[in-house]
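Working notes for the structure below.
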Amino acid sequence: MTLNRLIIPPWRDHWFKSNPCYQFQARWKFHRAFLWRDFMSIETSLRIFPPDWTQPMPLRDFFGNDQPIEVDLGCGKGRFLLAHATAHPNVNFFGVDRMLRRIRKVDNKARRQALSNIRLMRMEAYYATTYLLPPASIATYYIFFPDPWPKKRHHEHRLFNSRFMDALHRTLTPGGGVHFATDHLPYFAEVCALIRADRRFAEIPPFVPEPEEQTDFERYYIGRTPIGRFSFRKT
Ligand SMILES: C[S@@+](CC[C@H](N)C(=O)[O-])C[C@H]1O[C@@H](n2cnc3c(N)ncnc32)[C@H](O)[C@@H]1O
């Protein structure tokens, strides 16, 4: 029990906890634990940090080999990424998600499974594809169940739009593919129309993951609601 706790009686608990000093201290203690864990695993972590956050990064150098690179955008807790990377050791996989907690989880799991063909980055997907990924460097993108932002006033937050298509086109290798899936059918229809209207891409048969590679969201939605799948390649 801290000295504070002895001085502040329990019936003043609410007042005590609403004190900004207490809140700052509590938050700092919470984050300190994560910072310490990150620091201790800095040598073995699969997370990468570009040398310059405003320039395309030397992605291949982070893998240290010439294998093709595939990207899971919004990898979540990494079920697909980990299973697919295990099944394809001759391919490099790059997982991107904006939630630090999820990237940390995937990092820990990949290290426990000794997967050397995975690298991870905590980053916003549009920024990563537009500014950080090198041109003509990505063989395949997997974009499974991106946030659909169903409310009309939030549609501008959706990942797929003409600027994102430009970024995909810039970073894909010639003939490189994109596999997209969603449970939100209006968003699915919007993405299909966007791609079909873009002459730089051609539709290919949709990618269906193996049962052991299904993402958390796919496992949740399968059998409950129809899932839209669309795959296309750079022409
Ligand atoms: C609905 S979940 C799907 C996760 C996983 N792909 C799956 O199918 O289980 C969306 C994931 O994308 C991440 N995400 C959403 N918008 C993002 C963005 N703009 N940039 C990067 N990650 C994003 C979220 O943090 C979340 O992990």
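None of the figures in this text is laboratory data; all of them are computed from the coordinates on show. Keep in mind that what you see is a predicted model, and the values were worked out from it rather than measured. Cβ coordinates were reconstructed from backbone atoms using ideal geometry, including for glycine residues, and neighbour counts include every protein chain displayed.
Along the charge dipole of the chain, pointing to its positive end and built from +1/-1 on Cβ of Lys, Arg, Asp and Glu, which listed residue (P20, V208, P56) has its Cα farthest out?
It is P20.
So what is the relative contact order for region 48-234, in percent, with contacts set as C-alpha pairs under 8 Å and at least six apart? Mind dumping the intermediate values first?
Numbers: 322 pairs, mean separation 41.2, N = 187.
So the answer I get is 22 percent.
Go ahead and estimate [θ] at 222 nm for the chain from helices alone: -39,500 (n - 2.57) per DSSP H run with n ≥ 4, summed, over the residue count, rounded to 500.
Details: 9 runs with 86 residues, N = 235.
-10500 deg cm²/dmol, from helical runs alone.
Could you state the orientation-averaged shadow area of the convex hull built on the Cα atoms of region 82-159, in nm² to one decimal? Before the final figure, lay out the partial values.
On the way: hull surface 24.3 nm².
Over every viewing direction, the Cα hull of region 82-159 projects on average to 6.1 nm².
Lys pairs in the chain, Cα-Cα under 24 Å, at least 8 apart or on separate chains: how many? Walk me through the numbers on the way to the answer.
Working: K17/K29; K29/K105; K77/K105; K77/K109.
Lysine pairs meeting both conditions in the chain amount to 4.
Quick one: of the DSSP bridges fully inside the chain, what percent are antiparallel, nearest 5?
Working: 10 of 30 bridges.
In the chain, DSSP labels about 35 percent of beta bridges as antiparallel.
Given +1 on the Cβ of Lys and Arg, -1 on the Cβ of Asp and Glu, and no further charges, what dipole in debye does the chain carry about its Cα centre, rounded to the nearest 20?
Values: 35 positive and 23 negative charges, 195 e Å.
Using only the charged Cβ atoms, the result is roughly 940 debye.
In cubic angstrom, how much convex hull volume per residue do the alpha carbon atoms of the chain span? Please report the intermediate quantities before stating the final value.
Working: hull volume 43.6 nm³, N = 235.
So the per-residue hull volume is 185 Å³.
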